[in-house]
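Enquirer: Input: one structure, supplied below.
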Amino acid sequence: TFLLSELPVTNQDGTKSKLSIYRDITYDVRQEEKLKSSKTSYQRLFTHVGCGVFISSKEGRFLDVNPALLKMLGYQDKEEFLSLDLANDVYLKPEDRHRYREIIEKKGQVVDYEVRWRQRDGNILHLLLTSNVRYDTNGEILGYEGIVVDQTRRTKQANELKEAHDFLNKIISYSPNAIMAMD
């Protein structure tokens, strides 16, 4: 691929000519195509991945979220969601947001950080956050980006299993003969 530039030139005898300059831009065009493809792939992944994806400010506002996170938290209007204050409107306890900030800013990332968030209707979700710090060109913290995985059902099932186990242990401790009856 070439970029063509043409300029009129007046010759010494007064006649007009055309100066054509060809510049090979094949590499630039291919790089631009790769970048466009990469952006398209990123946007498709961001939009269609099954877990929540977010970008948030250091001050505690979501800057961008994917549809899965909106759905997970019970919102349909993205603008409404982006106006929420994370510490007070999303985190069950504001101090959990502050603790998250301390950890991620100290380590640069968090992996499988357990937290509870509030859905739009007030229901509580048990979540795992995996995220990292976003820095500006001067190394200053801009905010955070990461993924959110809903563990509510798994947490509920684990609690039910623990309750059943505890109940069975109570029965066995009150009635040692219950063990023989189970055999």
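The values are calculated or read from the model by the stated rules, or taken from the named source; none is laboratory data. Quick caveat, the model's predicted, so the values are computed rather than measured. We place every Cβ from the backbone using ideal geometry, glycine too, and count neighbours over all the protein chains shown. Accessible surface is based on the protein model in full, side chains and every heavy atom, while ligands, DNA and RNA are left aside. Shrake-Rupley method; radii C 1.70, N 1.55, O 1.52, S 1.80 Å.
Enquirer: Quickly run through the range 94-123 and pick out the residues that are outside any strand (DSSP E or B) and either open to solvent by less than 80 Å² (accessible area, probe 1.4 Å) or touching a helix residue (DSSP H, G or I) at 6+ places or on another chain (Cβ under 6 Å) (or both). Even if it seems obvious, please write down each step before you answer.
Expert: Kept after step one, since they are outside any strand (DSSP E or B), are these residues of the range 94-123: 94-108, 119-123.
Selection gives Pro94, Asp96, Arg97, Tyr100, Arg101, Ile103, Ile104, Glu105, Gly108, Gln119, Gly122.
Enquirer: If you go through the range 41-61 one residue at a time, do you hit one that is farther than 24 Å from Asp112 by Cα and of a type in the set (Asp, Glu)?
Expert: No, the range 41-61 contains no residue that is farther than 24 Å from Asp112 by Cα and of a type in the set (Asp, Glu).
Enquirer: Continuing with the same structure: Just to verify a result, which residue in the range 4-52, among those that are of a type in the set (A, V, I, L, M) and surrounded by 10 or more Cβ atoms within 10 Å (Cβ to Cβ), is nearest to Thr152 (Cα to Cα)?
Expert: That would be Val49.
Enquirer: Quick one: which of Glu95, Glu32 is closer than 21 Å to Ile124 by Cβ, among the charged types (D, E, K, R) and without any contact (Cβ under 8 Å) to a residue 24 or more places away in the chain?
Expert: Glu95
Enquirer: In addition: Based on this model, can you work out whether Ile55 counts as under 16 Å from Asn132 (Cβ atoms), open to solvent by 10 Å² or more (accessible area, probe 1.4 Å), among the β-branched types (Val, Ile, Thr) and not in a helix (DSSP H, G or I)?
Expert: Yes; evaluated as a whole, the condition is true for this residue.
Enquirer: Check Pro67 against each of (1) under 19 Å from Leu142 (Cα atoms); (2) surrounded by 11 or more Cβ atoms within 10 Å (Cβ to Cβ) and name the one condition it does not meet.
Expert: Against the list (1) under 19 Å from Leu142 (Cα atoms); (2) surrounded by 11 or more Cβ atoms within 10 Å (Cβ to Cβ), Pro67 comes up short only on (1).
Enquirer: Quick one: count up the residues across the range 70-93 that are open to solvent by less than 80 Å² (accessible area, probe 1.4 Å) and polar (S, T, N, Q).
Expert: 1
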